[in-house]
Structure formats: C-alpha cells, structure tokens
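In what follows, a single structure is set out as structure tokens and then discussed.
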C-alpha cells in the first residue's frame, strides 16, 4: 500500500512540475509513460485541480488547469500570462547584449538565468541559437569589472535614505577624491551604470564652475571604490523629492551641471533619431527640411553631442 501511495505521489508531482514548466500534457501519453490507465491520469489531474482551487492567487495570476483543444492536452492557464513569449525574450536578450554593460561571464550568467526562469523549456534552444553567435563574440566594457553587488548596496542605501562614502576617480582625474553623498538614483546610459547623488562636505566655490548649482552630481558605478554605507540618514522633503523619470528625460549624456535650454537647427536625414535622443525636444518650426528644435537638458554633454552632428546641426 505504501508503495502505491509513493508511486502516486511521485507521478502527481512529476505531472505538476511539467505543467509548471509550460508543457502541454496528453492523457494517453502520460498513461503510457507511467504505465497506468487514462482514468488514473484523469484522477491525478483532478487532484491537481482541487489543489489549485484551494490555493490563494492574486487577480493577475490564474492557476487554472485547462484542456487546450488546439493542442489536445492539458496545460496551466497562467503559463501563457506569466512566461515571456519567444519574441519578447529574444528582444530582451538582444537589448542586453547590445548594452555591453557587463563582463562576459556576468552577461552569460544573466542570460542563462533569464532563459531558464522565463522561457518554456521547448523554446530555450531556439532563443539560445538566435543569440549564440553574439554571446560568442561579445565584447565586455573596457573596465571589465564586477559591480552588481556594489550597485545593489547603493540601491538599498537609496531605499533607506542613508548617506554613502566612497573613493572616486573620474575619467580625466589624475587623482581621486573621497566623497560623501546623498544617493538619489541609479541610471543607465550607453554601456555604464551611474549614480546620481548630492555631494556633501566640499567647497562649492572651488569644486564647481557654478557655486550655486545644487543639481545632482553623476558618478560611474564601476569607478566607485571603497564603498561604505553609513548609518547617517538624510531626508529630502516630498516637494523637493528627486524624480528620476523627469531627470532622466533631461540628462541624456551623464554629465552633471545646471539645467539649460538649447535651440538648434537640424537638417539631417533622421529627425526621429534626434527626438528619441532628446526626450524633451520639441519642434518649434519646419521649413523645407530644416527643423528648429528646442530641448531642456542637464550639464554640458549636450554641447559635445551637438558638435558631433557636424553640418547637420547649427546651434542658435
């Protein structure tokens, strides 16, 4: 009797596990696999359905066991809602690879976990085949450093409102500096993750071209060393809270500085690319393929970008 109960438990758990992995199961195939009749499999499926009916689920997650007439088998309804489709996961993988944000070993680990957790088993080989060549030829960022744990520590400090300290050496800096900052947000742009923070304990007249500039300073997270999360809390009034969504629209080049409004004439072939590059951009007027565009941006990075456009851009 014990052996029969154990066999049934193993069989039901195996069926349940396969359903969770997004498989569509046919009663006849299951009966042959476990050497039982189809009525036994039907009772197993009813036991699983009764178990699901007794579980609490949110309105967004449905654990219904249904019969799919198209594929002539049983499946979990929530699998289609919770799993990424092939095209969705392929797009996400392509974006990750094109970002070149991580070391090669970190990138491979992230992609492997993404595929294993979010893609039905039968689709994983297809997606892996479509991105395999890019993984093989993947070129990591020049810094080639691990920084994910560091980024998570900064994220928890932002959540808890704790000041952080670190040693930082900028791209052009000959010597580094100890910094104490109020961390505000983590952002990503063109290969690198950045920290937006309010700098403390410095002389603004010596440190900044504009001493009255109270906008966040920007730090590349991979360049942050000796990170220490302090026990000192900081509080920013709600009316002065940092809204990274709005800030992100205006800081496309990850250079700190004051908010400025720029106006330029654009005569290039891809107006769409300009509007996507500058989310705050507005077309003031257009005449025979010449567009007058105005945008709000933080920092001096916009100047470098405008100059890089050559004859397509004329600053007004």
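None of the figures in this text is laboratory data; all of them are computed from the coordinates on show. Since we're looking at a predicted model, the values are computed, not measured. Note: ideal-geometry Cβ built from the backbone for every residue, glycine included; neighbour counts use all protein chains shown.
Observations
- Put in line by how crowded their Cβ is, counting other Cβ atoms within 10 Å and starting with the fewest, 118, 93 read 118, 93.
- For the range 259-315, the convex hull spanned by the alpha carbon atoms encloses 70 Å³ per residue.
- Rough spin-label spacing in nm, given labels placed 7 Å along Cα→Cβ, for residue 38 and residue 235: 6.9 nm
- Relative contact order [Cα under 8 Å, 6+ residues apart], the range 259-315, whole percent: 47 percent
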